[in-house]
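Report on one structure; see the data block that follows.
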Amino acid sequence: MAADLASPALTGIRRLSALDTVRARIALAIELGLLAPGERLPPNGEIASALGVGDITVRRALVSLCEDGVLVRRRGRTGGTHVALDAPAGRVGEVGAYRESSAEVRDLIDHRLVIEAGLAQLVALRRSDEDVEKLRDLVRRMDAATGWAEFHDLDAEFHLTVAASGAPAAAVKQYSGVLHELYRFYLPYRLSALRASNREHEVLVRAIAARDPDEAARVTRAHVGELHRTMFVGLSDQV
């Protein structure tokens with residue numbers, strides 16, 4: 001299973017600075033086609049929240065990616081930071097640290113799957129009507145999200161809210177730790193793909209509302225297991 005989270009080795013992304021992780025995550029998303037040529041990036045504050053770093057770190061990372069020719073700055077009404085139309089591949093060396101971490105990511109996905117499926121079963125039996133309404137509201141808010149950064153924050157809130165809706169505190173704490181580790185590898189994704197994943201959230205909420213633990217566990221296993229294909233470790237195998 002996943003490596004000891006209390007004392008991780010300085011390998012892969014763990015050897016990168018916060019600045020370098022932002023550079024790598026955005027550059028890798030561009031290389032994999034998750035950010036399209038010409039696409040406008042969200043405001044710096046939203047990127048910082050989604051990637052778990054400070055605003056200053058994001059600003060410095062975007063400036064350096066512009067210097068590398070991966071991003072461009074535009075002025076005027078449609079201004080902001082955009083993916084370069086001809087962004088060069090392989091320009092950002094820090095991307096290699098993410099590719100080196102593929103085995104760790106796959107272990108984290110499996111670790112999350114085992115814990116989350118069990119939590120979903122308990123929650124389906126113990127949830128309150130108020131819990132169900134909170135989850136439905138989060139699904140609606142994800143549908144209304146206007147970008148990947150906003151969606152990612154709501155997605156994290158959704159999964160932690162599921163876990164907190166009836167699971168033991170110790171299990172929720174362990175799950176939160178695994179989720180935090182896995183989110184360190186999160187890349188910007190197409191909003192269309194994120195909305196598709198939200199349909200799975202919707203099905204999970206229906207199972208929880210119906211107090212159906214077996215269906216809740218089944219949906220969770222499918223949702224988390226799909227990460228082996230849709231996270232960068234699976235996408236990288238296709239390019």
**Message:** I need every pair where a residue in region 101-121 that is under 15 Å from Arg229 (Cα atoms) and in the same structural domain as Phe232 (by TED's automatic domain parsing) has its Cβ under 7 Å from the Cβ of a residue that is assigned to a helix (DSSP H, G or I) and of a type in the set (D, E, K, R), sequence separation at least 6 or different chains.
**Reply:** Leu108/Glu181; Leu113/Arg221
**Request:** Can you give me the number of residues within region 174-225 that are at pLDDT below 95, of a type in the set (D, E, K, R) and within 24 Å of Asp107 (Cα to Cα)?
**Result:** 2
**Complete:** region 164-239: helices (runs of 4 or more DSSP H) wholly inside it with 1 or more residues that are out of contact with any Asp or Glu (no Cβ under 8 Å at 6 or more places or on another chain), assigned by TED's automatic domain parsing to the domain that holds Glu116 and charged (D, E, K, R) are 169-183, 191-209, 213-225, 227-230
**Request:** Could you check, for region 125-143, whether at least one of its residues is assigned to a helix (DSSP H, G or I) and of a type in the set (Gly, Ala, Ser)?
**Result:** no
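Suppose the filter is in the same structural domain as Asp131 (by TED's automatic domain parsing) and more than 18 Å from the chain's Cα centre (by Cα); does Asp153 pass it? Let's see the steps before the verdict.
Numbers: in the same structural domain as Asp131 (by TED's automatic domain parsing): yes; more than 18 Å from the chain's Cα centre (by Cα): no.
No; evaluated as a whole, the condition is false for this residue.
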**Prompt:** Looking at (1) of a type in the set (Val, Ile, Thr); (2) assigned to a helix (DSSP H, G or I); (3) over 16 Å from the mean Cα position of the chain (by Cα); (4) surrounded by 17 or more Cβ atoms within 10 Å (Cβ to Cβ), can you tell me which one Val92 breaks?
**Reply:** (2)
**Request:** Identify all residues within region 63-84 that are closer than 15 Å to Pro42 by Cβ and part of a loop (DSSP other than H, G, I, E, B); write none if there are none.
**Result:** Thr78, Gly79
**Asked** Of these, Ala50, Ala89, Ala61, which one is in contact (Cβ under 8 Å) with a residue 60 or more places away in the chain and not β-branched (Val, Ile, Thr)?
**Response** Ala50
**Prompt:** Just checking, which of Ala170, Ala163, Ala217 is surrounded by fewer than 16 Cβ atoms within 10 Å (Cβ to Cβ) and either among the aliphatic types (A, V, I, L, M) or within 29 Å of Leu32 (Cβ to Cβ) (or both)?
**Reply:** Ala170
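The values are calculated or read from the model by the stated rules, or taken from the named source; none is laboratory data. What you are looking at is a predicted structure, and each value in this text was computed from that prediction instead of being measured. Quick reminder, even Gly has a Cβ in these numbers, built from the backbone with ideal geometry, and neighbours come from all protein chains shown.
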